[in-house]
Amino acid sequence: MKTSFALSALVLGSLAILIAGCGSAAEPEPAPSPSHVQVSAKTGEELAGEGWAVTVNSAQFDADETVAAANEFNPAAEDGEQYLLVNLTIERTTSPAASPLAIQVKVAAEDDTFHEAAAVAPEQLRLLEPVSSGTPITGNLAYLIPATAARAEVQIHMIGSGSTFVVPIT
């Protein structure tokens, strides 16, 4: 009985290996699909994503005085830093109304680091207020970047879209 059981296990094991071997040699596995894609865009170009459209309208380097005048509590740009002011338009392209918190906007400066909005900007973009379809909002975000930066990239990621839009600015 023990021999019969061992023989059956050996046959079944060999059969499983044979079947597995045949399947893998004949059919190559598909390449994994990328989960994140970067799409280049230009200033003024509408970037469409999952339920949203975003446009980088303009950018202003050396906006230190403008940002300081916007709010007395804004930190001053320290030595080696400057404010970059980015003007954006965000539009909801579907219903219902929603706040644009699903949109992440960062700046990558020449130092290859990412910078988050760092101060209250003049005509601040209101990211917490609901946006209705057909009623775009426009405003500014202020970023502290290296003072030596003469160019940067605005990177916009719409959560759920799998894409990051990259808008070079100079």
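The values are calculated or read from the model by the stated rules, or taken from the named source; none is laboratory data. Treat the numbers as computed from the prediction; the structure is a model and nothing was measured. Positions of Cβ are generated from backbone atoms using ideal geometry, with glycine treated the same way; all protein chains shown enter the neighbour counts. Accessible surface areas use protein heavy atoms only, side chains included; no ligands, DNA or RNA. Shrake-Rupley method; radii C 1.70, N 1.55, O 1.52, S 1.80 Å.
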Starting at the first residue of segment 155-162, write each ³J(HN,Hα) from the Karplus equation 6.51 cos²θ - 1.76 cosθ + 1.60 with θ = phi - 60°, in whole Hz, x for Gly and Pro.
-> 10, 10, 10, 9, 4, x, 8, x
Which order do the peptides 117-126, 42-51 take when ranked by the mean count of other beta-carbon atoms within 10 Å per residue, highest first?
-> 117-126, 42-51
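Note down the Stokes-Einstein diffusion coefficient of segment 33-113 in µm²/s, whole number, using a Kirkwood radius over alpha carbon pairs, 37 °C, and 0.692 mPa s.
Approximately 215 µm²/s, per Stokes-Einstein.
Rounded to the nearest 20 debye, what is the charge dipole size of segment 89-163 about its Cα centre when +1 sits on each Lys and Arg Cβ and -1 on each Asp and Glu Cβ? Don't skip to the answer; put the middle values down first.
Values: 4 positive and 8 negative charges, 49 e Å.
I would put it at about 240 debye.
Leaving out ligands and nucleic acids, and using a 1.4 Å probe, what accessible area per residue does segment 89-136 come to in Å²? Intermediate values should be presented prior to the final figure.
Working: 2760 Å² over 48 residues.
Per-residue accessible area for segment 89-136 comes out at 57 Å².
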Treating each Cα of segment 44-83 as an identical point scatterer and ignoring solvent, apply the Debye formula and state log10 I(q)/I(0) at q = 0.14, 0.19 Å⁻¹.
-> -0.51, -0.68
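Would you mind telling me the share, in percent, of accessible area of segment 45-140 contributed by carbon and sulfur at probe 1.4 angstrom? Display every interim value, and only then the final one.
Details: 2440 of 5230 Å².
Accessible surface attributable to carbon and sulfur in segment 45-140 totals 47 percent.
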More than 23 Å apart - percent of Cα-Cα pairs taken over segment 58-163 | 30 percent
